[in-house]
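Notes to accompany the following structure.
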Amino acid sequence: MNSFEEINIGDTLGPLELFVSKDQCRAYARTMGMGEGAGRFTDDEAARKEGLPGMIIPGNMSLGLLSKLVTDWIGSSNAWLTRMSTTYRVPVQPDHTVTIHGFITNKNPEDRTAEIDVWMENEESERLVTGTATVEFRK
Amino acid sequence: MAVNYDPALINKVFEITEPVEVKAEKIQRYCAALGETNPIYTDEEAAKKGPYGGIVAPPSFAVTFRNGRHFFENVPRFGMRGFDAGKDVEFVAPIRPGDNVTLSSHVKEIYEKTGRTGMMVFVVIRSTLKNQNDEVLAHIDHRFMNRP
């Protein structure tokens, strides 16, 4: 990754295009030990009974994917993701392609941090999950 | 109309969970579920040469710890439907395999906001993750939205 000195406001991260399958969504829910009440993350029928269009991806999984965009960018450097904030705007459905974007909005030389807007879009460019991340470029 | 609640609710820790051991295998499964390939999370040999001297969990692993048996019983509600509106996570230190993690939770704030769809009440619960050495690993703010 670039050093703190080399990054600029307006630089982009990604985009990271992902097809999240229903099986991947179920694998996440299983790994997390989501039990009772997790039907909306594992089963279309259960999700429809709750008024959803079908299975949805857990909010925490979206947070994990948005974080991945940033940690992919960090790579194996010692920069540290210090903060990730997410807002769940629209339910994210599996078996669709989503694209994750990032954009550097601020750079603070005093504490060597960068602020990054991150968001997940569907095929119609609708923003499903939005967020902000802070990365500290440790020396 | 201001939202009414008992101010004694704020900052009172309502639950500390039993310690949960972070198993290397769980980090692997988490990485697989997210399609994670960064060697500092997935490859022990490569991770040894990385900034943390060994495998660490991806930062977002912090949100995977169970909130404790009484968590939802302690989230104040305002007689309305509740939704998970989002999270605000501060990652303080890496989570490593073998760590024993506890969560303590308290109500951080309650506020109201009027949006496109009318009045909403937000309840923010802060959970703090610590390891066996009492070091803070992360603070997680859960934002719950209540709407009529």
Amide hydrogen neighbours beyond the local backbone of A:R83, cut-off 5 Å, H modeled: A:T134, B:F91
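On a 30 Å Cα-Cα criterion, which of the cross-link pairs B:K12/B:K113; B:K26/B:K87; A:K139/B:K113 come out too long? Before the final figure, lay out each step's value.
Working: B:K12/B:K113 23 Å; B:K26/B:K87 22 Å; A:K139/B:K113 41 Å.
Distance filter (> 30 Å) returns A:K139/B:K113.
Counting Lys +1, Arg +1, Asp -1, Glu -1, what net charge surrounds B:V124 among other residues with beta carbon under 9 Å of its beta carbon?
On the way: positive: B:K108, B:R126, B:R143; negative: B:D88, B:E109, B:D141.
Result for the local shell: 0.
What 222 nm value per residue comes from the helices of chain B, counting each DSSP H run with n ≥ 4 as -39,500 (n - 2.57) and dividing by all residues, nearest 500 deg cm²/dmol?
-3500 deg cm²/dmol
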HN-Hα J in Hz across the stretch B:94-108 - Karplus 6.51, -1.76, 1.60, θ = phi - 60°, x for Gly and Pro: x, 9, 10, x, x, 4, 10, 10, 10, 10, 10, 10, 8, 7, 8
Check: chain B dipole with +1 on Lys, Arg Cβ and -1 on Asp, Glu Cβ, in debye: 520 debye
Listed residues A:P15, A:P94, A:P109, most fluctuating in chain A (Gaussian network, C-alpha, under 10 Å): A:P109
Radius 10 Å from Cβ of A:R112, net charge of other residues (Lys, Arg +1; Asp, Glu -1): -1
³J(HN,Hα), Karplus 6.51/-1.76/1.60, whole Hz, each residue of the stretch B:12-23, x for Gly, Pro: 7, 5, 9, 6, 10, 7, 5, x, 10, 7, 7, 8
Length released on extending from A:L52 to A:T97, taking residue separation times 0.36 nm less the Cα-Cα span: 14.3 nm
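Can you pull out the trypsin sites (Lys or Arg not before Pro) in the stretch B:17-69 whose DSSP state is coil and whose Cβ has at most 12 other Cβ atoms within 10 Å? Display every interim value, and only then the final one.
Details: sites: B:K23, B:K26, B:R29, B:K48, B:K49, B:R66, B:R69; in loops: B:K23, B:K49, B:R66, B:R69.
Those satisfying the criteria are B:K23, B:K49, B:R69.
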Per-residue average of Cβ from other chains inside 10 Å of A:84-96: 3
Cα centroid separation - the stretch A:84-126 against the stretch B:1-35, whole Å: 23 Å
Surrounding net charge for A:E5, when Lys and Arg each add one and Asp and Glu each subtract one, Cβ distance under 13 Å: +1
Globularity index of the protein assembly as shown, i.e. its alpha-carbon radius of gyration over 2.2 N^0.38 Å: 1.00
Mean-position separation - Cα centroids, the stretch A:40-59 and the stretch B:83-146, in angstrom: 24 Å
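Add -39500 (n - 2.57) for each DSSP H run of 4 or more in chain A, then divide by its residues: what number comes out at 222 nm, to the nearest 500 deg cm²/dmol?
Per the formula, -7000 deg cm²/dmol.
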Residue (of B:A24, A:M55, B:F71) at the positive-pole extreme of the protein assembly as shown, dipole from beta-carbon charges: B:F71
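Cβ neighbours within 10 Å, averaged per peptide: list B:9-19, A:126-136 in order, most packed at the top. Please report the intermediate quantities before stating the final value.
Details: B:9-19: 13.5, A:126-136: 19.8.
Highest to lowest by the protection proxy: A:126-136, B:9-19.
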Theoretical FRET efficiency, 1/(1+(r/R0)^6), r = Cβ-Cβ of A:E124 and A:D23, R0 35 Å, to 0.05: 0.90
Taking chain A and dividing mean pair separation by its residue count, relative contact order in percent (alpha carbons under 8 Å, at least six apart): 29 percent
For the stretch B:61-69, Karplus couplings with θ = phi - 60° (6.51, -1.76, 1.60), whole Hz, Gly/Pro x: 4, 4, 7, 8, 6, 5, 7, x, 4
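Relative contact order for chain B: what is it in percent, counting Cα pairs under 8 Å that are at least 6 residues apart?
Working: 279 pairs, mean separation 42.4, N = 148.
Once normalised by length, the contact order is 29 percent.
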Under-5 Å amide H pairs with B:F71, H placed in peptide plane, nonlocal only: none
Inter-site label distance for A:K139 and A:M1 at 7 Å from Cα along Cβ, in nm: 1.9 nm
Computed over chain B, Cα set: Rg, Dmax in Å: 17.9, 59
Most mobile listed residue (B:F71, B:F61, B:F83) in chain B, GNM with C-alpha springs under 10 Å: B:F83
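Tell me the GluC sites (Glu not before Pro) within the stretch B:51-148 that lie in a loop according to DSSP and have at most 16 other beta-carbon atoms within 10 Å. Don't skip to the answer; put the middle values down first.
Details: sites: B:E73, B:E90, B:E109, B:E112, B:E135; in loops: B:E135.
Those satisfying the criteria are B:E135.
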Cα lying deepest toward the dipole's positive end in the stretch B:8-147, options B:G35, B:P97, B:V124, charges on Cβ: B:V124
Over chain A: Rg over Rh, Cα atoms, Kirkwood Rh: 1.04
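Every read-out reported here was derived from the displayed coordinates using simple, explicitly stated rules and does not represent laboratory data. As the structure is a computational prediction, the values presented were derived from the model and not from experiment. No Cβ is skipped: glycine too gets one built from the backbone with ideal geometry, and neighbour counts run over all protein chains shown.
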